[in-house]
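Reviewing the structure listed below.
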Amino acid sequence: ETDRVLTYLGFAHRKAGRIEAGLAYYEKALQKNPDNRLARSYLGQLYVEMAETELATVQLAEIRLRGGQGSWPEQALAHAIATGETQSY
């Protein structure tokens with residue numbers, strides 16, 4: 001039940017096509033740790049996949065506000081927003 005485990009459960013469900021479960025796990029991860037930039041990046045990428053770019057942009061702003069400038073989560077989400085390509089690993 002750590003935010004890290006919840007983040008990866010969200011990722012696994014998202015990649016398996018279980019969008020609602022993925023959303024729920026990302027939300028649980030962020031409830032436990034609002035500063036979890038990886039969860040925010042993966043959640044934002046899910047929003048990109050759902051064509052919810054505005055919601056993805058909110059997560060990108062949150063990553064930056066929480067000290068994530070230049071980090072992999074910021075770069076991956078910015079790339080996803082710009083190109084529509086999300087991470088598969």
- Task: Quick one: among L46, L23, L65, which has the greatest mean-square fluctuation in a GNM of the chain with alpha-carbon springs under 10 angstrom?
- Result: L65
- Item | Filtered trypsin sites (Lys or Arg not before Pro), the range 1-75: DSSP coil and at most 16 other beta carbons within 10 Å | R18, R66
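Strictly greater than 14 Å: what percent of every Cα pair in the range 43-89 meets that? Could the numbers behind the result be given before it?
Details: 421 of 1081 pairs.
I get 39 percent for the Cα pairs in the range 43-89 exceeding 14 Å.
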- Euclidean distance between Cα centres, the range 66-89 to the range 33-56, Å: 9 Å
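When ligands, DNA and RNA are left out and all protein chains stay put, how many square angstrom of accessible area per residue does the chain have with a 1.4 Å probe?
Accessible area per residue: 55 Å².
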- Furthest towards positive pole of dipole, A51, G68, H79, structure part the chain, Cβ charges: G68
- Query: Suppose every K and R has +1 on its Cβ and every D and E has -1 on its Cβ; what is the size of the dipole of the chain about the Cα centre, in Debye to the nearest 20?
  - Reply: 240 debye
- May I ask for log10 I(q)/I(0) of the chain at q = 0.11, 0.13, 0.16, 0.20 Å⁻¹, from a Debye sum over the Cα atoms as equal point scatterers with solvent left out? -0.24, -0.33, -0.51, -0.82
- Task: Could you work out the longest stretch of the chain that avoids the GluC sites (Glu not before Pro) located in DSSP loops with at most 14 other Cβ atoms within 10 Å?
- Result: 2-51
- Task: Over the chain, calculate the relative contact order: mean separation of alpha carbon pairs under 8 Å at least 6 apart, over the residue count, as a percent.
- Result: 23 percent
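The values are calculated or read from the model by the stated rules, or taken from the named source; none is laboratory data. On a predicted model such as this, the values are computed, not experimentally measured, just so you know. Positions of Cβ are generated from backbone atoms using ideal geometry, with glycine treated the same way; all protein chains shown enter the neighbour counts. In case anyone asks, the SASA skips ligands and DNA or RNA and just uses the protein heavy atoms, side chains included. Shrake-Rupley method; radii C 1.70, N 1.55, O 1.52, S 1.80 Å.
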